[in-house]
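Please read the structure below before turning to the comments.
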């Protein structure tokens with residue numbers, strides 16, 4: 001998801017050139033702002049773009065597409081070419097380190113960008129901002145319907161060199177082949193434990209078998225890379241770290 005946050009100033013006269021600005025989130029970099037070279041207009045693009053802001057987004061993209069933008073460079077002079085796109089905030093598990101067991105609030109579905117809007121923004125960042133690899137995330141991205149269709153759209157962006165997806169694996173067995181055929185190159189699968197009881201304790205759901213089936217399906221489909229993401233949790237998963245590595 002993406003959210004467009006803007007000042008109250010109108011976009012009616014946004015014919016000034018745009019300079020990309022970006023910020024660091026933890027150990028990754030995401031382009032998070034586009035600043036119009038005007039003292040009264042400053043538009044910040046955060047990691048969620050709501051459909052209700054589509055008119056403002058359209059104006060920003062239209063202006064950017066008419067300019068030659070420099071690459072995304074942070075305050076330390078580092079050039080960033082990677083982008084993470086969250087296509088949903090929903091998830092089919094409730095890991096205790098990620099979200100509450102009950103009462104989680106989600107963005108209304110009507111406010112989530114369509115695949116066409118996501119594609120348009122991604123293409124702009126690739127062609128104008130120098131982005132070369134995109135990772136699809138959530139929530140759990142596979143709970144959103146027809147994700148392989150989005151993958152196929154993104155895979156068709158000419159200058160994009162790498163396209164990957166992060167998942168908990170529970171829905172992967174039924175989608176792996178379609179994702180691979182659509183053009184997905186790599187998978188990152190979250191797996192903190194091989195113990196069913198510990199899995200249920202962490203995720204508050206049953207589903208270890210489905211995750212393992214998803215991993216097997218991904219390997220059979222021939223992705224360029226299938227990696228496991230494991231969180232070492234003190235007093236919970238520490239004894240299993242060596243086994244997971246093996």
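The range 85-157: Rg/Rh from Cα coordinates, Kirkwood Rh?
Answer for the range 85-157: 1.02.
Can you give the three extents of the C-alpha atoms in the range 147-222 along their principal axes, from longest to shortest, in whole Å?
Per principal axis, max minus min of the Cα coordinates gives 45, 19, 17 Å.
Label 7 Å along Cα→Cβ of residue 201; the range 85-101 residues with amide nitrogen under 20 Å?
Output list for this probe position: 93-101.
State, to one decimal in nm, how far the label point of residue 162 lies from the label point of residue 209, with both points 7 Å from Cα in the Cβ direction.
3.6
For each of 190, 114, count neighbouring Cβ atoms within 10 Å of the residue's Cβ, then give the residues from fewest to most. Working shown, then result.
Values: 190 19, 114 11.
The order, fewest Cβ neighbours first, is 114, 190.
Thinking of the range 95-246 as a set of Cα atoms, what percent of all their pairs are more than 21 Å apart?
Considering the range 95-246, 50 percent of its Cα-Cα pairs are separated by more than 21 Å.
None of the figures in this text is laboratory data; all of them are computed from the coordinates on show. Everything numeric here is computed off the predicted structure, so don't read it as measured data. Backbone-built Cβ (ideal geometry, glycine too); neighbour counts: all protein chains shown.
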